[in-house]
Amino acid sequence: MGHTGYSATENVNNIKVVHLHWGLQLIFDESQKEGNNEIWIDVYPLTRFLAKHTQAAVKVEGTKEWVRTGDIVDPKVEEYEAGK
């Protein structure tokens with residue numbers, strides 16, 4: 001969590017509300033961690049996809065487990081199965 005945006009100093013980007021920073025970096029070799037060989041993935045399309053495919057979950061009483069309240073339905077899988 002943070003409120004600095006891409007700056008090294010707080011509130012430089014006029015971001016006053018704490019928000020979630022998240023990203024996805026592909027690392028195939030240790031040299032890609034800090035340097036010119038970093039590979040970052042644009043997570044915006046992934047975020048939009050996940051937002052469209054949310055599902056309610058409920059906690060299993062007496063455990064730390066959570067379960068979906070319905071089955072996962074993927075129309076593309078159904079199309080594929082129908083075409084076999």
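Quick look at the values:
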read-out	value
Charge tally in the Cβ shell below 11 Å around VAL58, where Lys, Arg are +1 and Asp, Glu are -1, VAL58 excluded	0
Fully extended contour minus Cα-Cα distance, from TRP40 to ILE72, at 0.36 nm per residue	8.6 nm
Estimated FRET transfer efficiency when R0 is 22 angstrom, pair HIS21-GLU65 (beta carbons, to 0.05)	0.15
Cα-projected label distance for GLN55 with TYR80, points at 7 Å along beta-carbon direction, nm	1.6 nm
Karplus-derived HN-Hα couplings along the stretch 29-42 (A = 6.51, B = -1.76, C = 1.60, θ = phi - 60°), whole Hz, x at Gly and Pro	8, 4, 5, 7, 5, 9, x, 7, 9, 5, 10, 10, 9, 6
Surface accessible to a 1.4 Å probe, LEU20 within the full protein complex, Å²	110 Å²
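The values are calculated or read from the model by the stated rules, or taken from the named source; none is laboratory data. Small disclaimer: the values here were computed from a predicted structure and weren't measured. Neighbour counts run over all protein chains shown; Cβ positions are idealised from the backbone, glycine included. Note: areas computed on protein heavy atoms with side chains; ligands, DNA, RNA excluded. Shrake-Rupley method; radii C 1.70, N 1.55, O 1.52, S 1.80 Å.
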